[in-house]
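Novice: First the structure, then my questions, so here it is.
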Amino acid sequence: MRITLFLLILLALSSCGPTYQYLTVDSSQLPKDQQKLFTMENDTMQLTYEFSGHGGQLTITVLNKTTQPLSVNWARSALINNGRSFNLHGRDLQFIPPQTSISKVTLNLNESGGGIPRLPIPDTARTRKLYYKDGSYVKYKAADFTEEGSPIQLKSYLTFLIGPGNGTEFTESHTFYIGEVIHTGIVPGLFGAYHEPGDKFYVWWQ
């Protein structure tokens, strides 16, 4: 098979550069939409979670579907990572007027509590091939995990207030886990298996 100049450059970068792991987030509770975002919807709100970018940036979007005032109490909200609780960034109380939405980057998983460790790839992990338009390809390792066997398990805990005055408090909580880990030396801009969807992020080590 003919090896192109592009592939030679790619192989050189992957052999001498940093090591990357691309992590896919899954949930047994929430479905993913076309953008791979996790969405929960009821009569009160539409709640959307996005995990993306370098380090796992968690963006939470809340749509107030009611005709009443709705607020997020960030001071009483957290993300739990393998049993450890981390506060979400933001003002203590964020107001969401009726029929409007807010979107907030709440934390970066790799910058919270010591960061994301280099996850082990089992010897039994299958080798995959990433093909390019000219027919050339590079190989990389990938491992799949069940929710019970995942090395990283996440849980959101969000506190809301609805109604006039002091409002009525209620909470929403959802679980997530790492369902796939890809191990490669290929940078995100050249790795065709990573398109910055709402359920995948990456970490790297020099």
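The values are calculated or read from the model by the stated rules, or taken from the named source; none is laboratory data. Just so it is clear, the structure is predicted and the values come from calculations on it, not from any experiment. Cβ coordinates were reconstructed from backbone atoms using ideal geometry, including for glycine residues, and neighbour counts include every protein chain displayed.
Novice: Scan the range 178-200 residue by residue and report those that are under 17 Å from ILE121 (Cβ atoms) and either of a type in the set (A, V, I, L, M, F, W, C) or more than 18 Å from the chain's Cα centre (by Cα) (or both). Break it down stepwise before answering.
Specialist: Within the range 178-200, the first condition is being under 17 Å from ILE121 (Cβ atoms), and the residues that meet it are 178-186, 191, 193-194, 200.
Result: ILE178, VAL181, ILE182, THR184, GLY185, ILE186, PHE191, ALA193.
Novice: Further question: Say we look at the range 99-145 and pick out the residues that are over 21 Å from ILE182 (Cβ atoms) and assigned to a strand (DSSP E or B); which of these is farthest from the chain's Cα centre (by Cα)?
Specialist: Among those that are over 21 Å from ILE182 (Cβ atoms) and assigned to a strand (DSSP E or B), it is SER101.
Novice: If GLN153 meets every condition in (1) in contact with a Lys or Arg (Cβ under 8 Å, 6 or more places away or on another chain); (2) modelled with pLDDT of 95 or more apart from one, which number is that one?
Specialist: Failed condition: (1).
Novice: Search the range 108-126 for residues that are farther than 18 Å from ARG84 by Cβ and pair each with any residue that is among the basic types (Lys, Arg) when their beta-carbon atoms are under 6 Å apart and the residues are at least 6 apart or on different chains.
Specialist: ILE121/LYS141; ALA125/LYS141
Novice: While we're on this one: When you scan the range 23-35, do you find a residue that is surrounded by 13 or more Cβ atoms within 10 Å (Cβ to Cβ), at pLDDT below 95 and part of a strand (DSSP E or B), even just one?
Specialist: no
Novice: Evaluate the following for ASP134: is it among the acidic types (Asp, Glu) and out of contact with any strand residue (DSSP E or B) (no Cβ under 6 Å at 6 or more places or on another chain)? Spell out how you get there, then give the answer.
Specialist: Details: among the acidic types (Asp, Glu): yes; out of contact with any strand residue (DSSP E or B) (no Cβ under 6 Å at 6 or more places or on another chain): yes.
Spelling it out, ASP134 is indeed among the acidic types (Asp, Glu) and out of contact with any strand residue (DSSP E or B) (no Cβ under 6 Å at 6 or more places or on another chain).
Novice: For a quick check of your reading: which strands (runs of 3 or more DSSP E) sit entirely within the range 146-206 and have at least 3 residues that are farther than 13 Å from TYR22 by Cα and touching a residue at least 60 places away in the same chain (Cβ under 8 Å)?
Specialist: Numbers: elements: 153-162, 168-184, 199-205.
Correct list: 153-162, 168-184.
Novice: Identify the single condition in (1) among the acidic types (Asp, Glu); (2) in a loop (DSSP other than H, G, I, E, B); (3) in contact with a Gly (Cβ under 8 Å, 6 or more places away or on another chain) that GLU50 does not satisfy, given that it satisfies every other one.
Specialist: Unmet for GLU50, out of (1) among the acidic types (Asp, Glu); (2) in a loop (DSSP other than H, G, I, E, B); (3) in contact with a Gly (Cβ under 8 Å, 6 or more places away or on another chain): (2).
Novice: Return only the number of the condition from (1) at pLDDT below 95; (2) loosely packed, with under 13 Cβ neighbours inside 10 Å; (3) hydroxyl-bearing (Ser, Thr, Tyr) that THR184 does not satisfy.
Specialist: (2)
Novice: Take the range 65-97 and flag every residue that is charged (D, E, K, R) and outside any strand (DSSP E or B).
Specialist: Keep residues of the range 65-97 that are charged (D, E, K, R), which gives 65, 76, 84, 91-92.
LYS65, ARG91, ASP92, listed by residue number.
Novice: If a residue has to be under 14 Å from VAL62 (Cα atoms), touching a strand residue (DSSP E or B) at 6+ places or on another chain (Cβ under 6 Å), surrounded by 14 or more Cβ atoms within 10 Å (Cβ to Cβ) and among the hydrophobic types (A, V, I, L, M, F, W, C) to count, how many in the range 73-117 make the cut?
Specialist: 4
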